[in-house]
Amino acid sequence: MASMRDIKRRRSSIQGTQQITKAMKLVSTVKLQRARAGAERSKGYFNSMYTTVNSILSKVGHIEHKYLVPGESGNKVVVVITSNRGLAGGYNSNVVKLVTRHPEWKKEDLEIYAIGSKGRDSLAKEGYYIREYNTEVIEEPTYEDAMVLTKHLLDSFDQGEIGEIYLAYTAFKNTVSHIPTLLQLLPVTPPEGVEEEAEGGNQAIMNFEPGEAEALEMIVPKYITSLIYGAMKEALASENGARMQAMDNATSNADEMISDLSLKYNRARQGSITQELTEIIAGAEALG
């Protein structure tokens, strides 16, 4: 059985850790409120752009355009959005699993654009090729950051260096619900339900001026930029929500451990007092 000194030392250590987890929970709560407000402001534009582009694609009929078919290269790029810090439960590992456990992807065909150091480190450890990474963008995402990344991705796509582009991030549903999500950015294809509606003849054909190709050249870059920007905003909110939950759980676990150690300490103290009294009584009887 552990001594009273060992129990007291361990209890003090856990109490110190609990103070840290409480502070981290408070910080994450404040950051979550700000990040959630940003995610909610961008969500309308994010969803509207996604719905609008899919609706347009369902109405243009069959057209040929470089953004609607896979590129010449067999390489796929995955933009992986994670955090720069841990202590957020399964937030980072769940996004990494979207890449490492995809049933149709081969490691040698993938190139990673990592936003956030945790995803970069985990995927590099697994042997994936990290084409580029940026650890600063995720701290304060801006639309300009998304524009720069989109231009870089489209330039590589136009030059035939990559054939498909995907986005892996954590969608923010609410404070306690965060959903690891994988989106295909290029080639742009409408969801299956939208395609079926178009084939069923319920959609009127849409005409463009000057033409479909020119319209797609203008729309698709903005579409991809909006998806990346929205994903970064939602990922930041999800990160702080996950960290707040993790620190709350850690604080609750510390409470239970402290209660258990306090009980053990009191029992050990009671046993020590009883032993001392027994020794005193035995000594008195021996002298008598």
>> Would you confirm, using the coordinates I've provided, whether Leu123 is over 23 Å from Leu216 (Cβ atoms), surrounded by 19 or more Cβ atoms within 10 Å (Cβ to Cβ) and in contact (Cβ under 8 Å) with a residue 40 or more places away in the chain?
In response: yes
> Identify, please: which residue in the stretch 97-115 is outside any loop (DSSP other than H, G, I, E, B), touching a residue at least 40 places away in the same chain (Cβ under 8 Å) and of a type outside the set (Lys, Arg) and is, among those, farthest from Tyr129 (Cα to Cα)?
Replying inline: Leu98
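May I ask you to list the residues in the stretch 76-93 that are part of a helix (DSSP H, G or I) and either surrounded by 24 or more Cβ atoms within 10 Å (Cβ to Cβ) or out of contact with any helix residue (DSSP H, G or I) (no Cβ under 9 Å at 6 or more places or on another chain) (or both)? Step through it out loud before you land on a result.
If we filter the stretch 76-93 for residues that are part of a helix (DSSP H, G or I), which is where we start, we get 91-93.
Tyr91, Asn92 - these are the residues of the stretch 76-93 that are part of a helix (DSSP H, G or I) and either surrounded by 24 or more Cβ atoms within 10 Å (Cβ to Cβ) or out of contact with any helix residue (DSSP H, G or I) (no Cβ under 9 Å at 6 or more places or on another chain) (or both).
Could you please let me know if Val53 is more than 18 Å from the chain's Cα centre (by Cα), part of a helix (DSSP H, G or I) and within 27 Å of Ile228 (Cβ to Cβ)? Spell out the reasoning first.
Values: more than 18 Å from the chain's Cα centre (by Cα): yes; part of a helix (DSSP H, G or I): yes; within 27 Å of Ile228 (Cβ to Cβ): yes.
It is true that Val53 is more than 18 Å from the chain's Cα centre (by Cα), part of a helix (DSSP H, G or I) and within 27 Å of Ile228 (Cβ to Cβ).
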>> Could you go through the stretch 4-12 and let me know if any residue there is touching a Phe, Trp or Tyr at 6+ places or on another chain (Cβ under 8 Å), in a helix (DSSP H, G or I) and surrounded by fewer than 18 Cβ atoms within 10 Å (Cβ to Cβ).
In response: yes
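Results for (1) modelled with pLDDT of 95 or more; (2) more than 28 Å from Lys43 (Cα to Cα); (3) within 20 Å of the chain's Cα centre (by Cα), shown as yes or no for each residue.
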position: Glu108; (1), (2), (3): no, yes, no
position: Ile115; (1), (2), (3): yes, no, yes
position: Arg131; (1), (2), (3): no, yes, yes
position: Asn134; (1), (2), (3): no, no, yes
position: Glu139; (1), (2), (3): no, no, yes
position: Thr142; (1), (2), (3): no, no, yes
position: His152; (1), (2), (3): no, no, no
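Is it the case that Ile179 is closer than 22 Å to Thr82 by Cα, without any contact (Cβ under 8 Å) to a residue 60 or more places away in the chain, assigned to a strand (DSSP E or B) and among the hydrophobic types (A, V, I, L, M, F, W, C)?
Values: closer than 22 Å to Thr82 by Cα: yes; without any contact (Cβ under 8 Å) to a residue 60 or more places away in the chain: yes; assigned to a strand (DSSP E or B): yes; among the hydrophobic types (A, V, I, L, M, F, W, C): yes.
Answer is yes for this residue.
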> Of all residues in the stretch 163-173 being assigned to a strand (DSSP E or B) and in contact with a Lys or Arg (Cβ under 9 Å, 6 or more places away or on another chain), which is modelled with the lowest pLDDT?
Replying inline: Phe172
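Does Ala246 count as buried (at least 19 other Cβ atoms within 10 Å of the Cβ), at pLDDT 90 or above, of a type outside the set (Ser, Thr, Tyr) and touching a strand residue (DSSP E or B) at 6+ places or on another chain (Cβ under 9 Å)?
Working: buried (at least 19 other Cβ atoms within 10 Å of the Cβ): yes; at pLDDT 90 or above: yes; of a type outside the set (Ser, Thr, Tyr): yes; touching a strand residue (DSSP E or B) at 6+ places or on another chain (Cβ under 9 Å): no.
So Ala246 does not fit the description; no.
The values are calculated or read from the model by the stated rules, or taken from the named source; none is laboratory data. In this text the structure is predicted, and so the values were computed from the model without any measurement. Here Cβ is always computed from backbone atoms with ideal geometry, including for glycine, and neighbour counts include all displayed protein chains.
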